[in-house]
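One structure is given here, and the rest of the page talks about it.
Laboratory data are not the source of any read-out in this text; all were calculated from the coordinates shown. Here the structure is a predicted model, which is why all the values come from computation and not from measurement. No Cβ is skipped: glycine too gets one built from the backbone with ideal geometry, and neighbour counts run over all protein chains shown.
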Amino acid sequence: MKKITGIVAVLFMLSVPVAIHAQDSTSTVKKTGKAIKKGAKKVGNKTAEVASKGKAAVTDSKHKDKVGPDGETIYIDNHSKYYWIDDKGRRHYVTEAQLKDKPKDD
């Protein structure tokens, strides 16, 4: 009987570190959750950008001779306003004075 009690006690002591380690795995879950959230946000932004640029290409016209302040494609809406689309799919309206000449391709 003493041997069985001793064996059970040893097995119990060996199982305690496993339980402690299992409680520490929440940091792994948090890291994985943050990585998934970051990836989902990146995919959502890219989807919004592609959708906005696709809609603009169909409904609005592109300016042939001018680009935006940082070389972006300029679109002209039906109210003759100039805008470009950022990497999150948002429109940024610009004035004619902010437009730059399109660089010549050699």
Could you state the angle between the C-alpha long axis of helix 2-24 and the longest principal axis of the C-alpha atoms of the chain, as a value from 0 to 90 degrees rounded to the nearest 10?
-> 10 degrees
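Kirkwood Rh and Cα-based Rg: tell me the resulting Rg over Rh for the range 2-101, rounded to two decimals.
Working: Rg = 28.9 Å, Rh = 18.2 Å.
Ratio value, two decimals: 1.59.
In a shell of Cβ-Cβ distance under 10 Å around residue 101, excluding residue 101 itself, what net charge do Lys and Arg (+1) and Asp and Glu (-1) give? Numbers along the way, then the final one.
On the way: positive: 66, 100, 102, 104; negative: 65.
Every neighbour counted, the sum reads +3.
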With θ set to phi - 60° and the Karplus curve 6.51 cos²θ - 1.76 cosθ + 1.60, what are the ³J(HN,Hα) couplings of the range 82-96 in order, to the nearest whole Hz, using x for Gly and Pro?
-> 9, 8, 10, 10, 7, 6, 9, x, 8, 7, 10, 7, 10, 8, 5
Near the amide H of residue 99, under 5 Å away, which other amide H atoms are found, from residues 5 or more places off or on another chain, if H is placed in the peptide plane?
-> none
Residue by residue through the range 39-53, the couplings from Karplus 6.51 cos²θ - 1.76 cosθ + 1.60 with θ = phi - 60°, in Hz, x for Gly and Pro, are x, 5, 5, 5, 5, x, 5, 5, 5, 5, 5, 5, 5, 5, 5
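In whole percent, what relative contact order does the range 58-106 give with Cα contacts below 8 Å and a gap of six or more residues? Walk me through the intermediate numbers first.
Values: 73 pairs, mean separation 16.8, N = 49.
Dividing the mean separation by the residue count of the range 58-106 yields 34 percent.
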Nonlocal amide H pairs with residue 89, under 5 Å, H built at 1.01 Å = 49
